[in-house]
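Undergrad: My questions all concern the structure below.
The values are calculated or read from the model by the stated rules, or taken from the named source; none is laboratory data. Given the structure is predicted, the values throughout are model-derived calculations rather than measurements. We place every Cβ from the backbone using ideal geometry, glycine too, and count neighbours over all the protein chains shown.
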Amino acid sequence: MTIKLIAVDMDGTFLNKEMGYDKPRFAKQYAKMKEQGIRFVVASGNQYYQLKSFFDEIQDEISYVAENGAYIVDQGQEVSAVDIPKEDIELVLKELVSNKKFQIVLCGKESAYVLDSVSDTFFNIVNKYYHRLKRVGSFDEVNDQILKFALSCPDEETLQLRDLLRSSIGSTVTAVSSGHGSIDLIVPKFHKASGIQLLQDKWGIKDDETMAFGDGGNDIEMLRHVKYSFAMENGSDEVKVAAKYLAPANTNSGVLEVIDQYFAGRGPFQD
């Protein structure tokens, strides 16, 4: 058994509650990955420019499945960008504006966009996940490839509102949620698993040579896709059902712990 690709979700998975990770420990692991030809892929709903900021000097050595699979970058080079057609954007915006429970972030290839009317508090929260973020008077002003919609909603109503969107505009965009008041609307049939598959095809890597980690609903396709799939201990119940194995919580460096197990031939890697 040889692993050739390790894919990690970020929030609630690779990152701890302080949005950090054990950099010295990971640096040692990454050196081993390079020695053994293992590809490291960041798979997240977040913006590419935010994701690369976590990896300093190796940010252009690794690969990214960003925006929940809509934007894929390999070693600093764009591999794929799947945007939402203009007429679909207009249809979706009409639906979203009619529901006052949503705050909308329009996620483009070059930047993310919020309306001038949003509070500074909301802007600053969004800016943590979208490092390129602009205010606009109207979404009609935006001239960019739109990769997805990111919605903020009341935490306790997340799944109910996700299902409502699936009923109303599910044929146009797919509603996925990592939970906690966050819903993404993405192009149907494109998600983290489709992004991982594209990179696997590019590199000639099989599902049984791939390891993946996740904690939220937008990780489910990816976890079902690979042989060595790990749900975080802090993950949702549906994620734990989708994954084959359980990793320690993100607060205990669960991803790094499992990677150490792999290099030591322990746990599920004993065969």
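Undergrad: Considering only the stretch 244-264, how many residues are part of a helix (DSSP H, G or I) and of a type in the set (A, V, I, L, M, F, W, C)?
TA: The total comes to 6.
Undergrad: A further question on this structure: Suppose we filter R166, R224 for residues that are among the basic types (K, R), out of contact with any helix residue (DSSP H, G or I) (no Cβ under 7 Å at 6 or more places or on another chain) and more than 21 Å from L15 (Cα to Cα); which single one remains?
TA: Going through R166, R224 in turn, the sole match is R166.
Undergrad: Enumerate the helices (runs of 4 or more DSSP H) found wholly within the stretch 23-133, keeping only those where 2 or more residues are within 17 Å of the chain's Cα centre (by Cα), in contact (Cβ under 8 Å) with a residue 60 or more places away in the chain and in the same structural domain as E257 (by TED's automatic domain parsing).
TA: Fully inside the stretch 23-133 and qualifying: 48-52.
Undergrad: Then there's this: Can we say G235 is part of a loop (DSSP other than H, G, I, E, B), in contact (Cβ under 8 Å) with a residue 24 or more places away in the chain and not hydrophobic (A, V, I, L, M, F, W, C)?
TA: Spelling it out, G235 is indeed part of a loop (DSSP other than H, G, I, E, B), in contact (Cβ under 8 Å) with a residue 24 or more places away in the chain and not hydrophobic (A, V, I, L, M, F, W, C).
Undergrad: Given the criteria in contact with a His (Cβ under 7 Å, 6 or more places away or on another chain) and among the β-branched types (V, I, T), does I259 qualify?
TA: So I259 fails the test.
Undergrad: Something else now. Taking K202 as meeting all but one of (1) touching a helix residue (DSSP H, G or I) at 6+ places or on another chain (Cβ under 9 Å); (2) assigned by TED's automatic domain parsing to the domain that holds G12; (3) charged (D, E, K, R), write down the number of the exception.
TA: Unmet for K202, out of (1) touching a helix residue (DSSP H, G or I) at 6+ places or on another chain (Cβ under 9 Å); (2) assigned by TED's automatic domain parsing to the domain that holds G12; (3) charged (D, E, K, R): (1).
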